[in-house]
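Each remark here refers to the structure printed beneath this line.
Since every read-out is calculated from the coordinates, none of them should be taken as a lab result. Just so we're clear, the structure is a prediction, and the values are computed from it rather than from any experiment. All Cβ positions, even for glycine, are placed from backbone atoms using ideal geometry, and neighbour counts span all protein chains on display.
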Amino acid sequence: MKLMDEVLSKDNLNQAYLQVTRNNGASGIDDMTCEEVKDYLKVHGNDLINQIKSREYKPLPVRS
């Protein structure tokens, strides 16, 4: 299995999410809470993974 496939596997992403919530993760640059991210990923998660795998994903700049 390719490294990117391992990184983007459902198990790995779920473990990462659970670790962030256990650590009371702070919102990022987009000010989304963990609960908001969870809801967003339920709807858009597969599209996001496919965009990353196909190198079409373009993250927003951290600073403007």
Considering the options N14, I52, L41, tell which one lies farthest towards the positive end of the dipole of the chain, charges being +1 on Lys and Arg and -1 on Asp and Glu at the Cβ, about the Cα centre. I52
Once you list every other residue whose beta carbon is under 14 Å from the beta carbon of A16, what net charge do they have if Lys and Arg are +1 and Asp and Glu are -1? +1
May I ask for the longest run of the chain untouched by trypsin sites (Lys or Arg not before Pro) that are loop-located per DSSP and have at most 14 neighbouring C-beta atoms (other than their own) within 10 Å? 3-54
I need the Debye-formula profile for the chain: one equal scatterer per C-alpha, no solvent, reported as log10 I(q)/I(0) at q = 0.12, 0.20, 0.25 1/Å, two decimals. -0.35, -0.97, -1.30
What list of ³J(HN,Hα) couplings, whole Hz, do you get for segment 48-56 from phi and the Karplus terms 6.51, -1.76, 1.60, once you set θ to phi - 60° and write x for glycine and proline? 5, 4, 5, 5, 5, 4, 8, 6, 9
